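To start, the structure under review is shown below, and the notes come after it.
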Amino acid sequence: MSTVEIEYCVPCGFLSRAEDVQHALLSTFGEQLDAVTLATGANGVFVVRVDDTVIFDKSEDEYDVDEIVRRVRDRL
């Protein structure tokens, strides 16, 4: 089983994005995941990690919930 961490920028107001991704992952994978956690950050960060491996970084990729779900699926 895997753990997903979503690190998001609090001052940027990315909480709703983080919650959207968290909801999509829990709805899609449910019991296949140990946890989907939210971690607060700053400086524009929005990074999704599966078992400490970065699978999405806002600074490199365009935000797309469906694409993030696909990338998590590929890691499971």
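Just so you know, in region 1-13 the residues that are open to solvent by 30 Å² or more (accessible area, probe 1.4 Å) and over 11 Å from the mean Cα position of the chain (by Cα) include one that is farthest from Ile68 (Cα to Cα), and it is Pro11. Scanning region 21-72 for residues that are closer than 25 Å to Pro11 by Cα, open to solvent by 50 Å² or more (accessible area, probe 1.4 Å) and among the polar types (S, T, N, Q) returns Thr37, Thr40, Asn43, Thr53, Ser59.
Identify, by number, the condition in (1) touching a residue at least 12 places away in the same chain (Cβ under 8 Å); (2) in a strand (DSSP E or B); (3) of a type outside the set (Asp, Glu) that Arg73 doesn't meet. The single condition Arg73 does not satisfy is (2).
The values are calculated or read from the model by the stated rules, or taken from the named source; none is laboratory data. No experiment lies behind these values; they were computed from the predicted model shown. Note that each Cβ is placed from the backbone with ideal geometry, even for glycine, and that neighbours are counted across all protein chains shown. These accessible areas exclude ligands, DNA and RNA; they are computed on the full protein's heavy atoms, side chains included. Shrake-Rupley method; radii C 1.70, N 1.55, O 1.52, S 1.80 Å.
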